[in-house]
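What follows is one structure encoded as structure tokens, with my remarks underneath.
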Amino acid sequence: MTLAGSDLNPPASVERLVLWGDVLDFSDDPGFAPPKEAQGVRWRPDHAVLIEAGRVMAVQPRSQALDAAWQTAPVQDHRGRLIMPGFIDTHVHCPQLDVIASFGTALLDWLNTYTFPAERRYADPAVSKDGAQRFLKALWAHGTTTAVVFPTVHKVSAEALFEEADAHAMRLVTGKVLMNRHAPEGLRDDVDQAERDCVDLIDRWHGKGRQAFAVTVRFAPTSTPEQLMMAGQLCQTYAGTYMQTHVAENQDEVRWVASLFPDARSYLDVYDRDGLIGARAVLAHGIWLDANDRAVLRERGAQIAHSPSSNLFLGSGLFDWAQAQREGVHVSLASDVGGGTSLSMLRNMADAYKIQAMQGTRLTAWKALHTATLGAAKHLGLADEMGRIEPGCMADLAVWQWAVGPVAEHRDSLAQTSLHERLFAWMTLGDERNLVSTWIAGRPVYSADQTSALAT
């Protein structure tokens, strides 16, 4: 489902283009089934992806002759390389590139010590603009083509992200952060002004091109009950908007929420009773939810943005993905930079594997890659637009090398008897160094060979 009124036909610098390579995407969720039993894997080696005006027009075997109309189209030969849908990062913080890899604190101390001081700088429009440009280029350089993004409390920080993403026809979900208490001066807003800012951003940006607005509650402790009620009213009034926040990330945080909202059954209930939990709600972490909470998420169709690298780095806990799946909760994957230590979805998949392994579940490459592509697109209501490589979808793509460096190259050479084994080695050993190029709406935004020439 696409956004009502959206214009999803961005201009293309190259009207027609052909990419040759090994195409991998998914038609369905493979679940946690063993690799040989998984369903929904679509592997098309040595195929051509035909792109026109920003969209995939066809995928065909390289042995099949191109129609006459395509004979003169530019061709990029990526034989022996992997072509996949661009990754979808469902929870990441633009200003936190400034504090990635900051040493030695748990969540609440980390916010006060590193994050909040960095975010105050984004009141400056120039800082917000530079930050948005740097952030989006960094996403593209890691093969990510869609993101659900936290800016700061400043309206200008959301505007800068919208403007930069729109200029490149990128699907972006973001919105001004709501935060009116338990934060330093310069990072607190006012309920009435915050509502006016959100309405203005919705009117100007939601459904413009590929932009979508998210009602963005920082987390329950930094919003008064009045602000949470206002946020819920925005969600109910403006159909089609998203909601993003944090929930049950850290045990100290959970206890703090319980003390601030003693009438709420749980942390999640703080949001639910104000109408914030729906099919377009993206809740980061969810490590310390209980069975009742997970039932609410299932009933509402909301998703947990699992942030493995961040959970490990901040020592927040181990999310039980398999249990969430068994209980019908939608789960997507997220980098959560800067609590997370890399924008690379491959590195986050490798961390996710380790977290699940510690709880007795083996995460396959099929499940991880589906979750970061079609799975996320479905949970966001955007599967008709992205997450697959098939006619009609936007040409949001990434081209990858299988292996970089002697260890990975050796491992890859031994793993080629099994596609899953090869992909698992790539997922575990690979990172942004494996990326050849990134395409958004059929246009190159990143090339390993021409980094400075693209995405300007």
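Rule-based calculations on the coordinates, nothing more; no lab input. Just so it is clear, the model here is predicted, and its values are computed rather than measured. Here Cβ is always computed from backbone atoms with ideal geometry, including for glycine, and neighbour counts include all displayed protein chains.
General remarks:
- In a fully extended conformation the segment linking Leu108 and Asp130 would gain 5.2 nm over its present Cα-Cα distance, using 0.36 nm per residue.
- Residues of region 35-56 with amide N under 13 Å of a point placed 7 Å along Cα→Cβ from Arg16: 50-53
- Alpha-carbon centroid distance for the pair region 310-335 / region 86-147, whole angstrom: 21 Å
- Links that overshoot a 31 Å alpha carbon limit, given the list Lys137/Lys367; Lys155/Lys354; Lys36/Lys378; Lys129/Lys367; Lys155/Lys367: Lys155/Lys354; Lys129/Lys367; Lys155/Lys367
- The residue list Tyr114, Gln325, Leu187 was ranked by how far each Cα lies along the charge dipole of region 87-363 toward its positive end, using unit charges on Cβ atoms, and Gln325 comes out on top.
- Exposure proxy order (Cβ contacts within 10 Å, fewest to most) of Glu249, Glu385: Glu385, Glu249
- Fewest-first sequence of Thr224, Thr245 by Cβ atoms within 10 Å of each Cβ: Thr224, Thr245
- All C-alpha pair distances within the chain, sorted into 20 Å bins from zero, spread as 26, 59, 15, 0 percent across the bins.
- Among Thr105, Thr341, Thr216, the order by Cβ neighbours within 10 angstrom, fewest to most, reads Thr105, Thr341, Thr216.
- Between the residues Trp400, Leu97, Leu268, the greatest Cα displacement towards the positive end of the dipole of the chain, with unit charges on the Cβ of Lys, Arg, Asp and Glu, is found for Trp400.
- Its DSSP H runs of at least 4 residues, each contributing -39,500 (n - 2.57), put the calculated 222 nm mean residue ellipticity of the chain at -9000 deg cm²/dmol, to the nearest 500.
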